[in-house]
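Enquirer: Below is the structure I would like to discuss, written out as structure tokens.
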Amino acid sequence: FVGPRAWRVVFALASLPLALSCISFFVNHAHEGIHFWDLTGVPGMHTFVWITNFISFLFLYPSTFDLLQVAAIQPPQLQLWETGVIRITRHPQTVGQILWCLAHSLWLGTSTALSASTILVAHHLFSVWHGDRRLQQEHGEAFEYIKSKTSTVPFAAILEGRQELPKDYYKEWLRVPYLVVTGGTVIAFFAHPYMVAGAALLHW
């Protein structure tokens, strides 16, 4: 009833504080609960977790391609495209979240991490169905065409021959938003000690 731009602002005002509280709670309690494993001393594990986590953010933030819509400067719209990361998977945010949860669960090995990861993955698996349903309602036959050329499981459409990567496919990744995501991910890695200290100050 309030319009897409106003709703985006309302959503942000409600969700961002909740995200801060949830992240702070996770950081403060991620090492608690039952410890199922400790793989931190396994050679190469830190590198594997870091690379997996880095890749996860490249999948998690495809919406940053429309920064004006993210900030509600322009009216938010349901986007439909077949290039870039969509050639690999039609639901990059779900894939990114699964990779993020995999990396953190492997590193932490606690029931708290596994519980949080289970909830996050379940939420994003629901979004696969819900996202396809909304795109079908919004775009109809155009979405059916995109659906026929893409897949939910990464690389499945490519292996099945339904999607073909162009020779200059790398150019579809050379975009300013991805540079921002890459820089932000690297900064977040080095900022982890400060994030832990800041979360501890909140006592949540």
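The values are calculated or read from the model by the stated rules, or taken from the named source; none is laboratory data. Remember, predicted model here, so these are calculated numbers, not experimental data. Every residue, glycine among them, receives a Cβ derived from its backbone with ideal geometry; neighbour counts consider all protein chains shown. Quick note on the areas: whole protein, heavy atoms, side chains included, nothing else; ligands and nucleic acids left out. Shrake-Rupley method; radii C 1.70, N 1.55, O 1.52, S 1.80 Å.
Enquirer: Could you tell me whether the range 58-67 includes any residue that is of a type outside the set (A, V, I, L, M), surrounded by fewer than 19 Cβ atoms within 10 Å (Cβ to Cβ), within 13 Å of the chain's Cα centre (by Cα) and at pLDDT below 95? It would help to see each step written out before you state the result.
Expert: Here is the first cut: in the range 58-67, the residues of a type outside the set (A, V, I, L, M) are 59, 61-66.
Still in the running and surrounded by fewer than 19 Cβ atoms within 10 Å (Cβ to Cβ): 63-66.
Pick out the ones that are also within 13 Å of the chain's Cα centre (by Cα) and you get 63-64.
Still in the list and also at pLDDT below 95: 63-64.
Yes, the conditions are met somewhere in the range 58-67.
Enquirer: Let me ask something additional. Look at LEU99 and say whether it is of a type outside the set (Phe, Trp, Tyr), within 22 Å of PHE155 (Cβ to Cβ), open to solvent by less than 70 Å² (accessible area, probe 1.4 Å) and modelled with pLDDT under 90. Give the steps one after another, and end with the answer.
Expert: Details: of a type outside the set (Phe, Trp, Tyr): yes; within 22 Å of PHE155 (Cβ to Cβ): yes; open to solvent by less than 70 Å² (accessible area, probe 1.4 Å): yes; modelled with pLDDT under 90: no.
Taking the combined requirement at face value, the residue does not satisfy it.
Enquirer: Next question, about the same structure. Check off (1) surrounded by 12 or more Cβ atoms within 10 Å (Cβ to Cβ); (2) closer than 27 Å to LEU179 by Cα; (3) among the hydroxyl-bearing types (Ser, Thr, Tyr) for THR40 and give me the number that stays unchecked.
Expert: (2)
Enquirer: Collect the residues in the range 112-144 that are part of a helix (DSSP H, G or I), of a type outside the set (A, V, I, L, M, F, W, C), farther than 21 Å from TRP50 by Cα and open to solvent by less than 50 Å² (accessible area, probe 1.4 Å), keeping them in residue-number order.
Expert: HIS124, SER127, GLY131, ASP132
Enquirer: Follow-up. Given the options ILE55, ILE51, name the one that is modelled with pLDDT of 90 or more, under 22 Å from the mean Cα position of the chain (by Cα), surrounded by 14 or more Cβ atoms within 10 Å (Cβ to Cβ) and assigned to a helix (DSSP H, G or I). Explain how you work it out, then say what you get.
Expert: Working: ILE51 fails: surrounded by 14 or more Cβ atoms within 10 Å (Cβ to Cβ).
After ruling out the rest, the residue left standing is ILE55.
Enquirer: Still on this model: Within the range 172-185, does at least one residue satisfy the condition of being at pLDDT below 90, of a type in the set (D, E, K, R) and open to solvent by 60 Å² or more (accessible area, probe 1.4 Å)?
Expert: The answer is yes, given that some residue of the range 172-185 is at pLDDT below 90, of a type in the set (D, E, K, R) and open to solvent by 60 Å² or more (accessible area, probe 1.4 Å).
Enquirer: Next up: I'd like the residue in the range 1-24 that is without any contact (Cβ under 8 Å) to a residue 24 or more places away in the chain and outside any helix (DSSP H, G or I) and, out of all such residues, is least open to solvent (accessible area, probe 1.4 Å).
Expert: If we take residues in the range 1-24 being without any contact (Cβ under 8 Å) to a residue 24 or more places away in the chain and outside any helix (DSSP H, G or I), then VAL2 is least open to solvent (accessible area, probe 1.4 Å).
Enquirer: Test TYR194 against the criterion of being modelled with pLDDT of 90 or more and out of contact with any strand residue (DSSP E or B) (no Cβ under 7 Å at 6 or more places or on another chain), and give yes or no. Break it down into steps so the answer makes sense when it comes.
Expert: Values: modelled with pLDDT of 90 or more: no; out of contact with any strand residue (DSSP E or B) (no Cβ under 7 Å at 6 or more places or on another chain): yes.
When the stated conditions are applied, TYR194 does not pass them.
Enquirer: Here's a follow-up. Where in the range 153-204 are there helices (runs of 4 or more DSSP H), lying fully within it, with 2 or more residues that are aliphatic (A, V, I, L, M) and within 16 Å of the chain's Cα centre (by Cα)?
Expert: Details: elements: 156-159, 176-190, 192-202.
The helices (runs of 4 or more DSSP H) meeting that bar are 176-190.
Enquirer: Quick check: is even one residue across the range 130-149 of a type in the set (A, V, I, L, M), closer than 30 Å to VAL42 by Cα and touching a residue at least 40 places away in the same chain (Cβ under 8 Å)?
Expert: Residues of the range 130-149 of a type in the set (A, V, I, L, M): 135, 142, 146.
When the remaining residues are screened for being closer than 30 Å to VAL42 by Cα, the result is none.
No, the conditions are met nowhere in the range 130-149.
Enquirer: Still on this structure, I have one more. Is it true that some residue in the range 90-97 is in a loop (DSSP other than H, G, I, E, B) and under 17 Å from PHE57 (Cα atoms)? It would help to see each step written out before you state the result.
Expert: Filtering the range 90-97 for residues in a loop (DSSP other than H, G, I, E, B) gives 90-91.
Adding the requirement that they be under 17 Å from PHE57 (Cα atoms) leaves 90-91.
For the range 90-97, residues in a loop (DSSP other than H, G, I, E, B) and under 17 Å from PHE57 (Cα atoms): present.
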